[in-house]
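Down below is the structure, laid out as structure tokens.
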């Protein structure tokens with residue numbers, strides 16, 4: 001039996017209203033998705049697509065206009081579930097005059113951890129995020145990359161089951177980016193569930209098991225990364241080295257030239273190409289969105305699929 005989803009939304013809709021209570025912006029429209037235990041799930045979309053709204057709904061900072069949402073088996077408005085969640089916002093609002101040790105000690109107190117637990121956990125996390133040499137420097141002296149590192153450490157201080165990361169590699173150099181992605185992969189190895197939003201598509205492609213692309217508040221594409229990037233319309237044959245003459249007559253000449261078949265696969269595109277294509281198609285066909293399979297799960301035995309979008313049940317509010 002498949003484990004219960006860590007995050008589950010059904011027809012989730014959020015409409016922002018003006019001062020007079022009139023509909024102003026439909027930030028999300030009928031969002032239905034599941035995030036499974038122990039996976040790294042990527043939430044992608046251009047600015048204004050509904051990513052931040054989704055994260056705030058998961059944390060219970062916003063209330064949905066319509067639909068249902070549960071996190072860790074509880075309603076999103078149940079603030080008690082946040083004790084099992086770690087959150088790294090896009091901009092970390094930390095106390096600039098505290099150092100790394102003091103910062104983590106402060107957040108540990110919020111989770112009512114003992115003094116010994118705070119000391120041990122802080123030491124582990126400072127080393128894990130590569131700030132051991134700057135643990136006693138005030139945060140006002142940190143670079144943006146260092147600030148992202150201590151931000152990740154504070155998100156993990158309570159050893160959460162679910163980690164929400166908003167632009168985790170923002171401001172990091174290539175080495176820091178690689179280290180951040182390695183830490184995300186280690187979180188998955190520890191059995192934690194990670195949901196990350198990012199504009200750096202290559203980073204998402206490197207670490208995510210599944211992705212969802214939002215556009216205009218609607219789910220346009222969802223599925224496993226390798227399946228979405230595979231071009232089923234073409235086939236690649238990887239063989240040992242062939243002469244130019246053999247390439248011209250490859251189908252008949254493979255055995256005759258002593259070549260061995262090493263791989264039969266479909267060529268793949270990149271996540272960036274998929275993302276841009278989805279956005280362009282969404283502009284050309286407004287009001288169409290991804291709808292999961294008949295049972296509402298959008299799964300088959302071999303995982304999610306990219307369904308043909310259908311026309312939205314209700315038009316966006318203007």
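Read-outs throughout are calculated quantities, based only on the coordinates presented, and are distinct from any laboratory measurement. As the structure is a prediction and not an experimental result, all values here were calculated from the model. Positions of Cβ are backbone-derived with ideal geometry, glycine not excepted, and every protein chain shown enters the neighbour counts.
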Review point. Per Stokes-Einstein, at 25 °C and 0.890 mPa s, what whole-number D in µm² s⁻¹ belongs to the stretch 127-214, with the Kirkwood radius over Cα pairs as the hydrodynamic radius?
Key: 180 µm²/s
Exercise for review: Can you run the Rg to Rh ratio on the stretch 18-110? Use alpha carbon positions and the Kirkwood inverse-distance Rh.
Suggested key: 1.01
Revision key, fill the gap. In whole angstrom, the spacing between the Cα centers of the stretch 210-251 and the stretch 12-60 equals 30 Å
Exercise for review: Enumerate the whole-percent occupancy of each 5 Å bin, from 0 to the last occupied one, for all C-alpha pair distances of the stretch 208-251.
Suggested key: 5, 16, 17, 12, 12, 10, 7, 10, 7, 4, 1
**Study point:** Relative contact order of the chain, defined on C-alpha pairs under 8 angstrom at six or more residues apart (%)
**Key:** 20 percent
**Study point:** Nearest-ten-degree value, helix 271-284 long axis tilted from longest Cα axis of the chain
**Key:** 90 degrees
Point to revise | Computed E for residue 263/residue 56 - FRET, C-beta separation, R0 45 angstrom, nearest 0.05 | key: 0.50
Review point. Which whole-number percent is the relative contact order of the stretch 1-76 (Cα, under 8 Å, 6+ apart)?
Key: 41 percent
Review point. Angle between the Cα long axis of helix 144-155 and the longest principal axis of the chain, 0 to 90 degrees, nearest 10?
Key: 80 degrees
Check your understanding: If one takes the longest principal axis of the Cα atoms in the chain, at what angle in degrees, from 0 to 90 and to the nearest 10, does the Cα axis of helix 115-128 lie?
Key -> 40 degrees
Check your understanding: Quick one: what do you get for the chain if you divide its Cα Rg by 2.2 N^0.38 Å?
Key -> 1.16
**Study point:** Mean Cα-pair separation over length for the stretch 83-195, i.e. relative contact order, pairs under 8 Å, 6 or more apart, %
**Key:** 37 percent
